[in-house]
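For reference, the structure is listed below as structure tokens.
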Amino acid sequence: MEPASAPADAVSSWRATNTRRMGFSALGCGLLLVSFAADVATGPAMLPIPAVLRSLAGLGSDAMLDAIVRTLRLPIALMAAVVGAALGLSGAVMQTVLNNALASSYTLGISAAAGFGAALAILVGASLPVPEAWAIPAAAFAFAGLACALVAGVGRLRGATPELLVLAGIACLFLFQALLSLLQFLASPEALQQIVFWLFGSLQRSSMAKVGIVALVFAVTLPVVLADAWRLTALRLGDERARALGVRVDTLRLRCFVVVSLLTGAAVAFVGTIGFIGLVAPHIARILVGEDQRHLLPASAVFGALLLSAASVASKLILPGTVFPIGIVTALLGVPFFAWLVLASRGRP
Amino acid sequence: MLRAHAVTVRYGRRTAVDAVSLEVAPGEVLAILGANGSGKSSLLRALAGVQRCQGVLAWNESAAPGAGIGYMPQDSMLRAALTAFEVVLLGRLRSLAFRVSEQDLVAARAALAELGISDLAARRIGELSGGQRQLVFLAQVLAADPQVLLLDEPTSALDIAHQLQVLVLLRRATARRRLTTIAVLHDLNAAARFADRIALMRDGQLIGLGRPADVLTTPVLRHAYGVDVCILAGPDGHPVVLPMQIAPVL
């Protein structure tokens, strides 16, 4: 054992670390603003960023440019940011409560369940009493909640461990993927095309009303998880230690599953299945700000928003004049990035 | 004074702890000994309030589960990206607010200083050696300012220098803070030297409770472990146990 020396004061050192962590989150917010402006400026007609900023501030003098910015591109850019934030936050919460760095709504079948719900609504759309534009997200939301409930239900079993919950999530993934394949097999060519397009993930169906719903869900759930930030941090020491510190682990996990189902359901419902954001954003945040969840949760949301916003820009630049489905872009960019992240963090405690 | 009366722990149909009763006074260190699977950890978890049990548990005329009790589970490798200071601060979880109060920060700093590990504060918990990690978790339970300290194998997998350091600090903290300390140990000689009393378990039952010299006897240890031992007198008067051979089954 090393002898105790005269160290820098532990409290001041911790405060300095926290200031540095907030700096990283602030940097993420700055990059998000840049990406957001680029997202609005990018499209079939490339707009100058100063003109975009003037238009967003209500100081624009070009009616055509104002219409493009506010009516067409603003909802898409905002949707990319709020959906990215929701997926980043839900991924961070899941990875913490399941003590598994590979947990996300995508890998645990919640997105697959939402996809099945959307496909079901597309197939029976004509017979539903609500417009298809709302029936599909509603069904996706409902099935995302169902998948979360199934996993959470397993968590209520006596002796359930985080590993069992992950296995339950993987079982959910295969179940809903199989059901989705069945629906695709049964679907007419027209419905099949619509289902496949939905599964690609796309921001092009965004509207300010839909942005408002996702933003509202995010605004309601963020304070709920932040109120549990210290308890979630304690959970990183393992269930037994968290219990010893006074955390009611099962109740906390259940509460987090409700939050995750709301966040994922709202995000996936309007834009389709988007992978890797919920997986990668918390990893980036963890490397930069550590695992004090007071910092990790907001940072995961910020970097999730930044990643999806940047992917939205990329989706319009890959093939000028064509908007690639965002789900394909996040996967194509996310896989090499994630591989690099995993390799770079080898040996890190 | 911690009082446990007829504490029973069952896992399904198996009884891990069978109607154990004991009392431990403030300032006293009780070591729980016994073979693997004898129910030591289950008893400790029941006392800590993290394991459902039957029976009566009380200390300071209060039976509020968890409050005032510092419980340190067995050591396990952690990959959490948390600093030692944050781990110790979590010991204050019951009072921690989103914006951490000066009182909680001071308590965490004091616990690190008390164990002489302030220099580890900024290190990540996953980077620490087993001995350093044990001291950080001991600081975590002390940061909560407990009245009862429950430790599950605090010296397991530690070399003799670290074992000695942990046990000396534990003894010192118990005396200074007038703690009621109960530790599950495997090392009979460490228990003989550092504990005021020893509780010896076999098959979930208490088969010996008393001063080390009274409990650590050849017939009792043969009954507990199935091993023939030789008991010597140590230089400081404590018994020294030498395992000799597996006792023949009669």
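For B:Trp59, the residues whose modelled amide H falls within less than 5 Å of its own, excluding neighbours fewer than 5 places apart on the same chain, are B:Arg3. Taking all C-alpha pairs of segment A:21-344, those more than 36 Å from each other amount to 18 percent. Between B:Gln103 and A:Ile170, the FRET efficiency from the beta-carbon distance, with R0 = 35 Å, is close to 0.20. Per-residue Karplus couplings for segment A:52-63, computed as 6.51 cos²θ - 1.76 cosθ + 1.60 with θ equal to phi - 60°, are listed in order as 4, 5, 5, 5, 5, 7, x, 10, x, 10, 9, 4 Hz, Gly and Pro entered as x. For the residues B:Leu112, B:Leu221, B:Leu93, a GNM of chain B with alpha-carbon springs under 10 Å puts the largest fluctuation on B:Leu93.
Could you work out how far the C-alpha centroid of segment A:134-175 sits from that of segment B:105-137, in angstrom? Answer, in whole Å: 39. Taking amide H positions as modeled 1.01 Å from N, with prolines and chain starts lacking one, the residues under 5 Å from B:Ile32 and 5 or more places away or on another chain are B:Ala183, B:Val184, B:Leu185, B:Ala199. At q = 0.18, 0.25 Å⁻¹ the log10 of I(q)/I(0) for segment B:81-144 amounts to -0.53, -0.99, computed by Debye summation with a single uniform scatterer per C-alpha, solvent ignored. At an R0 of 30 angstrom, the distance between the Cβ atoms of A:Ser61 and A:Ser207 translates into a FRET efficiency of 0.70. When trypsin sites (Lys or Arg not before Pro) are flagged only if DSSP places them in a loop and at most 14 other Cβ atoms lie within 10 Å, the longest unflagged stretch of chain A comes out as A:1-155.
When only alpha carbons are used to place a centre, segment A:285-314 and segment A:40-114 end up 13 Å from one another. At an R0 of 45 angstrom, the distance between the Cβ atoms of B:Ser76 and A:Thr322 translates into a FRET efficiency of 0.30.
Each residue, A:Val124 and A:Arg70, gets one label point 7 Å from its Cα in the Cβ direction; the gap between the two is 4.1 nm.
The GNM of chain A, with springs linking C-alpha atoms under 10 angstrom apart, assigns the highest mean-square fluctuation among A:Ile213, A:Ile318, A:Ile274 to A:Ile318. Compute the acute angle (0 to 90°) between the alpha-carbon long axis of helix B:130-143 and the principal axis of greatest extent of the alpha-carbon atoms of chain B; round to the nearest 10°. The angle comes out at about 70 degrees. Between segment A:263-280 and segment B:65-96, the C-alpha centres lie 33 angstrom from each other.
Rg/Rh for segment A:162-274 stands at 1.09; both radii use Cα atoms, and Rh follows the Kirkwood definition.
Above 21 Å lies some portion of the pair distances; for segment B:123-209, what is it as a whole percent of all C-alpha pairs? For segment B:123-209, the fraction of Cα-Cα distances above 21 Å is 32 percent. Amide hydrogen proximity for B:Ala16: with H placed 1.01 Å from N in the peptide plane, the residues at 5 or more positions away or on another chain lying under 5 Å are B:Val9, B:Arg10, B:Tyr11. Applied to segment A:18-33, the Karplus parametrisation 6.51 cos²θ - 1.76 cosθ + 1.60 on θ = phi - 60° returns per-residue 3J(HN,Hα) values of 5, 5, 5, 4, 5, x, 5, 5, 5, 4, x, 5, x, 5, 5, 4 Hz, with x for Gly and Pro. Phi angles of segment A:41-46 translate, via the Karplus equation with coefficients 6.51, -1.76, 1.60 and θ = phi - 60°, into HN-Hα couplings of 6, 8, x, x, 9, 6 Hz per residue; Gly and Pro are given as x.
When the helices of chain B are scored as -39500 (n - 2.57) per DSSP H run of n ≥ 4 and the total is divided over every residue, the value at 222 nm lands at -9000 deg cm²/dmol.
Think of segment B:144-250 as a dipole: +1 on every Lys or Arg Cβ, -1 on every Asp or Glu Cβ, centred on the Cα centre; then among B:Val166, B:Gln245, B:Thr155, B:Val166 lies furthest on the positive end.
From helices alone, chain A scores -24500 deg cm²/dmol at 222 nm; the rule is -39500 (n - 2.57) for each run of n ≥ 4 DSSP H residues, then divide by the residue total. Of the three principal axes defined by the Cα atoms of segment A:59-192, the extents in descending order read 65, 39, 23 Å.
Taken together, the values in this text are just the output of simple stated rules run on the coordinates, not laboratory data. The model shown is predicted, which means the values in this text are computed figures rather than measured ones. Positions of Cβ are backbone-derived with ideal geometry, glycine not excepted, and every protein chain shown enters the neighbour counts.
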